[in-house]
Amino acid sequence: MQFFAPTRVYLEKDCVANHKNELLSYGSRAFIITGKHSSKANGSLDDVLSILDEASVPYLIYNDIEENPSVETVTKAAGIGKDFQADFVIGIGGGSPLDAAKAIALLMANPQEGAGCLYESKELTALPVVAIPTTCGTGSEVTPNAVLTRHAFKTKKSISHNIYPKLALVDGKYLSSASSNLIIHTAVDALAHCVESRLHTKANVYNHMFSEYGLALWSRLVPALTQLAGQKDKTPADLLSEEDREALMLASTVAGMAIAQTSTSLPHAISYEITYNQGVPHGMACGIFLAAYMDEYARNNAEDVNRVLSLLGFPSTDDLGAFLRKILGTVTITEAECDLYADKVMANASKLSTYPFAIDRDGIVRILTHSLEIR
Ligand code: NAP
Ligand code: FE
């Protein structure tokens, strides 16, 4: 058994300002990686800039990170950061800018390597990364993963290198600007991390501490998420308290700590096809498969599935599935797409190995057809 979690995490209101000296200790020229709009709107970017300005630390902002960032985007950004001679990287935003920041930090530290090194198993180190999440799902601020879109393969995959941020500054106030759908989708991503990590080949006592705590915490978020889904005319700013936002962030980091020990499993593997081809947001694309994944798992080990259900407070996978459909909605694909996605998942040996039992193509098709509308 092993356990490794090297990121220093502060989860508190105003943690960026409170821990500015630590943030500044990671370098002397900062490359800031963020998305187009949200970090400006929710105050996270300004919080960082005021600290850098106050300390006269030179910085460059790259704000062109798209959702599900591509290999091409991180390669372009790394060239710009290298020209600027930045010596540390600050990722601000959802999982997309945080994952991009990790890949960019790797490419910047290894300019002799091309983008090809992202998916090669080689000993490479990255520049220090500071991660400031503004969504409540990926846990990227505490995981070693950086999921990129690989257009050449028409799918998404985490790079082959483990890049843990040195520092994670997690403040629920940045969720104030998020839409109901963004909160719901990303909270369901955190749920998927807890479920997949608990029902995983590498699950062990250490990761149970995180996945089981995360599941119990998530059960307390169910009423708030139900409210968000049922009152789309109201914003999360109206419906969520400061405590709710902090609990959403806590669930996300705890779930990240769980997958940092195990990785994710089949719902994530299938989700990459749904996101790439159907454009479904990441958390929704994972969440729609959870109940069917648990049904499949229960064919071999019903006890662990019942443990997950009891921590979540749902009597059955049918009830959990109905709840998730209610807050997420449904996704429709064609039969041909279903066949293609099943083939792609069956070709993904490393993800199949995260499932502790033998699973054949029929098993993957069952998960797909029980989760999606097929036309
Ligand atoms: P995201 O793709 O980072 O962001 C989605 C959208 O939300 C963007 O339009 C973004 O706008 C906006 N946004 C972000 N924070 C906001 C806020 N506080 N208020 C309003 N809008 C906000 O979404 P995500 O679900 O957090 O990340 C998904 C990515 O993470 C996927 O690529 C997924 O594969 C990856 N992931 C990584 C891990 C890991 O362990 N590393 C785990 C799970 C998933 P802007 O573009 O303007 O910022
Ligand atoms: Fe995820």
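Every number in this text was worked out from the coordinates using simple rules, so none of it is lab data. Since this is a predicted model, take the numbers as computed values, not measurements. Glycine also receives a Cβ, built like all others from the backbone with ideal geometry; neighbour counts cover every protein chain displayed.
Listing GLU212, GLU66, GLU335 from the residue with the fewest other Cβ atoms within 10 Å to the one with the most, what is the order?
Numbers: GLU212 18, GLU66 13, GLU335 10.
So the ranking, lowest neighbour count to highest, is GLU335, GLU66, GLU212.
For SER179 and PHE4, compute 0.36 nm times the residue count separating them, minus their Cα-Cα distance, and round to one decimal in nm. Let's see the in-between values first.
Numbers: separation 175, 0.36 × 175 = 63.00 nm, distance 3.38 nm.
Here the answer is 59.6 nm.
If the label point is 7 Å along Cα→Cβ of ARG375, which residues in region 313-353 have backbone nitrogen under 19 Å from it?
Flagged as within label range: 329-341.
Taking 0.36 nm per residue of separation and subtracting the Cα-Cα distance, what length does fully extending GLU67 through ASN21 add? Each step should come with its number before you reach the end.
Values: separation 46, 0.36 × 46 = 16.56 nm, distance 3.05 nm.
Contour length minus Cα-Cα distance gives 13.5 nm.
Determine, for each peptide in 163-170, 242-249, the mean count of other beta carbons within 10 angstrom over its residues, then list the peptides with the highest first. Working shown, then result.
Working: 163-170: 24.8, 242-249: 19.9.
Going from most to least packed, we get 163-170, 242-249.
Over all directions, what mean area does the Cα convex hull of region 244-336 project, stated in square nanometres?
Numbers: hull surface 28.9 nm².
Mean projected area for region 244-336: 7.2 nm², to one decimal.
Please compute the contact order of region 142-234 in relative form: average sequence separation of alpha-carbon pairs under 8 Å and at least six residues apart, divided by the residue count, as a percent.
Values: 60 pairs, mean separation 18.6, N = 93.
After rounding, I find 20 percent.
If Lys and Arg each add +1 and Asp and Glu each add -1, what is the summed charge of the other residues whose beta carbon sits under 12 Å from the beta carbon of THR264? It would help to have the intermediate numbers written out before the result.
On the way: positive: LYS156, LYS157, ARG198, LYS202, LYS351; negative: ASP189, GLU196.
Residues near THR264 contribute +3 overall.
Pairs on different chains or at least eight residues apart, Cα atoms closer than 24 Å: how many lysine pairs in region 133-248 fit? Before the final figure, lay out the partial values.
On the way: LYS156/LYS202; LYS157/LYS166; LYS157/LYS202; LYS173/LYS232; LYS173/LYS234.
Eligible lysine pairs with Cα atoms under 24 Å apart amount to 5.
Using only DSSP helix segments of four residues or longer, with each worth -39500 (n - 2.57), what per-residue ellipticity at 222 nm results for the chain after dividing by its residue count and rounding to 500? All intermediate terms of the calculation are to be shown ahead of the outcome.
Values: 18 runs with 200 residues, N = 375.
Helices in the chain give a 222 nm mean residue ellipticity of -16000 deg cm²/dmol.
For region 227-352, calculate the relative contact order in percent as a whole number, restricting contacts to Cα pairs under 8 Å that are 6 or more residues apart.
On the way: 65 pairs, mean separation 30.5, N = 126.
Relative contact order for region 227-352 comes out at 24 percent.
If packing is taken as the average count of other Cβ atoms within 10 Å, what order do 214-224, 352-362, 272-282, 301-311 fall into, highest mean first? Show your work: numbers first, answer last.
On the way: 214-224: 19.3, 352-362: 14.0, 272-282: 20.8, 301-311: 16.1.
The most tightly packed comes first, giving 272-282, 214-224, 301-311, 352-362.
Output ³J(HN,Hα) for region 304-309: one whole-Hz value per residue in order, computed from phi by the Karplus curve 6.51 cos²θ - 1.76 cosθ + 1.60 with θ = phi - 60°, and x for Gly and Pro.
Running phi through 6.51 cos²θ - 1.76 cosθ + 1.60 with θ = phi - 60° gives 5, 5, 5, 4, 4, 4 Hz.
How about LYS351: which aspartates and glutamates have a C-alpha closer than 15 Å to its C-alpha, ignoring those fewer than 8 places off in the same chain?
Hits, sequence-local ones excluded: GLU196, GLU273, ASP343, ASP360.
Let me have the relative contact order for region 1-140, percent, based on Cα pairs under 8 Å that are six or more residues apart.
Working: 212 pairs, mean separation 36.8, N = 140.
Relative contact order for region 1-140 comes out at 26 percent.
If packing is taken as the mean number of other Cβ atoms within 10 Å per residue, what is the order of 70-78, 121-129, 257-265, highest first? The partial results should precede the final answer.
Working: 70-78: 20.4, 121-129: 16.1, 257-265: 25.4.
Top to bottom by mean Cβ count within 10 Å: 257-265, 70-78, 121-129.
Dividing the alpha-carbon radius of gyration of region 203-251 by 2.2 N^0.38 Å (N being the number of residues), what value is obtained?
Numbers: Rg = 13.2 Å, N = 49, 2.2 N^0.38 = 9.7 Å.
The reported ratio for this selection is 1.37.
Add +1 for every Lys or Arg and -1 for every Asp or Glu among the other residues with Cβ under 12 Å from the Cβ of TYR213, and state the total. Please report the intermediate quantities before stating the final value.
Details: positive: ARG198, ARG220; negative: GLU212.
Local net charge: +1.
Using a cut-off of 15 Å between beta-carbons, work out the net charge of the residues near LEU248 (Lys and Arg +1, Asp and Glu -1, LEU248 not included). Before the final figure, lay out each step's value.
Values: positive: LYS13, LYS173, ARG220, ARG245; negative: GLU12, GLU141, ASP171, ASP189, GLU242, GLU243, ASP244, GLU246.
That works out to -4.
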